[in-house]
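Written out below as structure tokens is the structure these notes cover.
The values are calculated or read from the model by the stated rules, or taken from the named source; none is laboratory data. In this text, all values refer to a predicted model and were calculated from it rather than measured experimentally. Ideal geometry is used to build each Cβ from the backbone, glycine not excepted, and the neighbour counts take in all protein chains shown. Calculation scope for accessible area: heavy atoms of the full protein, side chains included, ligands and nucleic acids excluded. Shrake-Rupley method; radii C 1.70, N 1.55, O 1.52, S 1.80 Å.
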Amino acid sequence: MADQAIIDATNLSKVYGELVAVNRLNLQVQEGEIFGFLGPNGAGKTTTILMLLGLTEPTTGAARVCGYNSAREPLKVKRLTGYLPENVGFYGELTARQNLMYTARLNAVPEKLAVSRVSEMMEVVGLPDVGDKKVAEFSRGMKQRLGIADVLIKDPKVIILDEPTLGIDPDGSARILDLIVDLSHRRKMTIMLSSHMLYQVQRICSRVGILVKGKMVALGSVDQLGKKLEAGKTTLDVEASPATPELVDSIKRIPGVLNVEKSGDLLTIAADKEVRSLVAKAVTQTRSALLQMRLQDYTLEEIYLRYFREAH
Amino acid sequence: MRGMLAVFWKEVSDHMGSRRFLILFAIIGLAGLWATYVAAQSIRSELASNPDSRFVFLRVFTSSSGLLPPFVSFIGFFGPLVGLALGFDAINREMSEGTMSRVLSQPLYRDSVINGKFLAGVATITVMLLSLILIVSGLGLQLIGVPPTQEEMLRLLLFVMTSIIYIAFWLGLAILFSILFRRTATSALGAIALWVFLSFFMVMIAGAAADAAIPVNEGSPPELLVRNANLRQGIMRMSPTTLYDEAIGTIVSPGVRTLGPVLVQQVQGLIPTPLRLSQSLNLVWPQLTTIVALTLVVFAIGYVRFMRQEIRA
Ligand SMILES: Nc1ncnc2c1ncn2[C@@H]1O[C@H](COP(=O)(O)OP(=O)(O)O)[C@@H](O)[C@H]1O
Ligand SMILES: [Mg+2]
């Protein structure tokens, strides 16, 4: 398994009725990596993670984790993979320690080892003194860190964290991110985390994938991605009066145009080659007035922020 | 298996320490003790006049006096509530609090969760019933001074087993509701509504429906009255409550010889001897098997729904 990816998804799709939540996704995460899985809300991140863990069946394609097929051998995958769900929950009426002990029992960790491991992990995540407090009294940030301790109880090879910093203040988020980096360095774990916050992911991840509407639109190291996108793709802001649906249609038909978005008279056109003259022609042909046309640099941040803004 | 045991023990300890279980247990215990005390008083005065009556010990559980129903009726009334209380939020609470996805990402089969929860509820019910029976028996023995015969003990054991399965039906129903409804308030209300319907409204509906189909009055010929009563009973038997009441009534009262309506001619000349245990069992065999089947069916429906459900945080 030396050169095999720890997480390996091939042509993974999930369809809910009409909605394609995940669309032919390909993804490899190598041992020891911190992989950032970026995408706005509703992009399909959680769905992908559920398929990786065998918690939901892929419609097509397959996911393998640590060499095991997630749909066919979910128990083997779950034994080796720690998963921190989005909005992780604990039994509020039990103490932190009791909650973690339950996880240990579910993993068949021998009782003695479990006791010492629970204490150790509470310390690792910076909660050494609250083991006997009921979780109902915990703040959100504390629960999230307890969630990471919970994930570590089974001593996993891979950990998958779904939005680990969601709803946590910047200071708390920073602590969690530092903790993740620490786990990767000291415990040599492979880590995949999903987020809709670019800056956080950029800071700690060696590689990122950007998922939009179920499709992986970019995949690579952060530096690499920025350059590649700048070189390969462009975005045009066009203001036309009036920006009719016919105009949008005719621009969409121009070869090289990937996507057109309309808000009022402003059109945002994504293309993978030079299309400015053809767009200008389309505007005049539909008898609209071209008021403005501007070329955007298509950087990682910009595409990401645009998707991000739109999703909110 | 190990995963299921982990779930089982966690649930058992949750139940045993939960306020709602302890409150119900206390209510049933107090009511049961009071009923036993009152029953024992009347049994004692009767024993004084008729020292060789049979099945004295069982009457501790079945005698009523004045307004207070007998012990078995308390179990019949509160038992379903215990089942509902133990199960109505079994699944949906874990979904809404986000613990379910954490549990299911551990290496255990998904059915371990629902099996463990169901069995933990059954174990809790068993512990509750056995301890109630032991307490009540102890008190009864103190008060009347007549020990149970072997047959009486067997009948009590059968009563406990039937009650466990019957309460497990309500537990399974509650768990099913906790799978079907996302909110715990909805599943609780839905389950209670169904209980009220099956326990109380069924009686009225059965009466009204029978009277509509076969109208009778005081002057009606006996055959018509019997047909009316049979229809009524048939409809009522669609409710597990009726089945349980019939089964228990026969198991703990050896004097019960028949469950349907009877004509005076049919019983004339019959000596009212108590039935042997095997005869009692024969009489309520259909009731018993139906209760078992209903319990299995509600659990199975819940099981299948749960296995198919997608779990998100
Ligand atoms: N059980 C479901 N049935 C139908 N649609 C669903 C279901 N679960 C998720 N979706 C849809 O799938 C899409 C992807 O959701 P999700 O994976 O949760 O996105 P993310 O985690 O990136 O925010 C969303 O549009 C969501 O509404
Ligand atoms: Mg999500």
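Solvent exposure of A:C66, expressed as accessible area, is near 10 Å², computed with a probe of 1.4 Å over the protein chains only. To test your reading of the geometry: what angle, between 0 and 90 degrees and rounded to tens, separates the Cα axis of helix B:71-87 from the longest principal axis of chain B? Taking the Cα atoms of chain B, the angle to B:71-87 is about 10 degrees. For chain A, adding -39500 (n - 2.57) for each run of n ≥ 4 DSSP H residues and dividing by the number of residues yields -11500 deg cm²/dmol at 222 nm.
Rolling a 1.4 angstrom probe over segment A:60-179 with all protein chains present gives an accessible area of which 50% lies on carbon and sulfur atoms. Geometric descriptor of segment A:229-296, per residue, is 69 Å³ (volume of the convex hull of the Cα atoms). Relative contact order of segment A:130-230: 20 percent, from C-alpha pairs under 8 Å at least 6 residues apart in sequence.
Amide H contacts of A:K215: A:N23, each under 5 Å away and 5 or more positions distant or on a separate chain (H built 1.01 Å from N in the peptide plane; Pro and chain starts excluded). For B:W34, the accessible surface of its heavy atoms amounts to roughly 140 Å² (probe 1.4 Å, protein chains only, rounded to the nearest 10). Based on Cα contacts under 8 Å between residues 6+ apart, chain B shows a relative contact order of 24 percent. Relative to the current alpha-carbon distance between B:A212 and B:A48, full extension at 0.36 nm per residue lengthens the span by 54.1 nm. Projected label points at A:A62 and A:L290, each 7 Å from Cα along the beta carbon direction, are separated by 5.2 nanometres.
Here the alpha carbons of segment A:62-112 define both size measures, Rg and Dmax, at 13.6, 39 Å.
Other residues whose C-beta falls under 15 angstrom from the C-beta of B:L154 contribute a net charge of +1, scoring Lys and Arg +1 and Asp and Glu -1.
Comparing the full protein assembly with the isolated chain (1.4 Å probe, heavy atoms, ligands and nucleic acids excluded), the residues of segment A:61-101 losing at least 50 square angstrom of accessible area are A:L75, A:K78, A:G89, A:Y91.
Computed on protein heavy atoms with a 1.4 Å probe, the accessible areas place A:R145, A:R186 in the order A:R186, A:R145, largest first. Working from Cα positions, state the angle (0 to 90°, nearest 10) between the long axis of helix B:184-196 and the longest principal axis of chain B. The angle comes out near 10 degrees.
Over all Cα atoms in the protein assembly as shown, the spread is summed up by Rg and Dmax: 33.9, 115 Å. Treating the Cα atoms of segment B:176-249 as identical point scatterers in vacuum, please give the log10 of the normalised Debye intensity I(q)/I(0) at q = 0.18, 0.25, 0.26, 0.27 Å⁻¹, two decimals. Listed by q, the Debye log ratios stand at -0.77, -1.04, -1.07, -1.09. With q set to 0.09, 0.12 Å⁻¹, the log10 of I(q)/I(0) for segment A:56-187, from the Debye formula over equal scatterers at the Cα positions, is -0.27, -0.48. For segment A:1-153, what's the relative contact order in percent, using C-alpha pairs closer than 8 Å and at least 6 residues apart? With pairs under 8 Å counted, the relative contact order is 19 percent.
Protection proxy ranking of A:117-128, B:49-60, by the mean of other Cβ atoms within 10 Å over each peptide's residues and highest first, is A:117-128, B:49-60. Summed over qualifying helices (DSSP H, 4 residues or more, each -39500 (n - 2.57)) and divided by its residue number, chain B shows a 222 nm mean residue ellipticity of -25500 deg cm²/dmol.
Between B:S220 and A:S139, take the C-beta separation as r, use R0 = 51 Å, and let me know the FRET efficiency to the nearest 0.05. Taking R0 as 51 Å, the efficiency between B:S220 and A:S139 is 0.10. Between A:K188 and A:D223, the FRET efficiency from the beta-carbon distance, with R0 = 41 Å, is close to 0.95.
Remark: mean inter-chain Cβ contacts per residue of A:178-186 equal 0, using a 10 Å Cβ-Cβ cutoff to other protein chain atoms.
Only protein heavy atoms count here; under a 1.4 Å probe, B:T62 has an accessible surface of about 40 Å². Between the helical axis of A:140-152 and the longest alpha-carbon principal axis of chain A there is an angle of about 70 degrees. In sequence order, segment A:195-205 has phi-based couplings of 6, 10, 10, 4, 4, 5, 5, 4, 5, 10, 8 Hz under the Karplus curve 6.51 cos²θ - 1.76 cosθ + 1.60, θ = phi - 60°, and Gly or Pro positions carry x. Expressed in units of 2.2 N^0.38 Å, where N is the residue count, the Cα radius of gyration of segment B:48-205 is 1.31.
Near A:K262, which lysines are there with a Cα under 29 Å away, not counting those fewer than 8 places off in the same chain? Within the straight-line cut-off, A:K262 pairs with A:K14, A:K45, A:K213, A:K215, A:K227, A:K228, A:K233, A:K252, A:K273, A:K281. Straight Cα distances below 25 angstrom link B:K10 to the lysines A:K76, A:K78, A:K112, A:K133, A:K134, A:K143, A:K154, B:K117, with same-chain residues fewer than 8 positions distant left out. Diffusion coefficient (Stokes-Einstein, Kirkwood radius over C-alpha pairs, 20 °C, 1.002 mPa s) for chain B: 100 µm²/s, rounded to a whole number.
Summing Lys and Arg as +1 and Asp and Glu as -1 over all other residues whose Cβ lies under 14 Å from the Cβ of B:G249 gives a net charge of +2. For segment A:91-102, putting each phi into the Karplus relation 6.51 cos²θ - 1.76 cosθ + 1.60 with θ = phi - 60° gives couplings of 6, x, 7, 9, 6, 4, 5, 4, 4, 5, 5, 4 Hz, in residue order, rounded to whole numbers and with x for Gly and Pro. When Rg and Dmax are taken over the Cα atoms of chain A, they come to 22.8, 79 Å.
3J(HN,Hα) along segment B:152-167: 4, 5, 4, 5, 5, 4, 4, 4, 5, 5, 4, 5, 4, 5, 5, 5 Hz, from the Karplus curve 6.51 cos²θ - 1.76 cosθ + 1.60 with θ = phi - 60°, whole Hz, x for Gly and Pro.
Taking label positions 7 Å along the Cα-Cβ direction at both A:R253 and A:E123, the computed distance is 7.1 nm, reported to one decimal. If R0 is taken as 45 Å, the Cβ-Cβ distance between A:A280 and A:V20 corresponds to a FRET efficiency of 0.85. For segment B:113-168, the share of accessible area belonging to carbon and sulfur comes to 78 percent (1.4 Å probe, ligands and nucleic acids excluded).
The residues packed around A:V65, meaning those with a beta-carbon under 13 Å from its beta-carbon, carry a net charge of +3 if Lys and Arg are +1 and Asp and Glu are -1.
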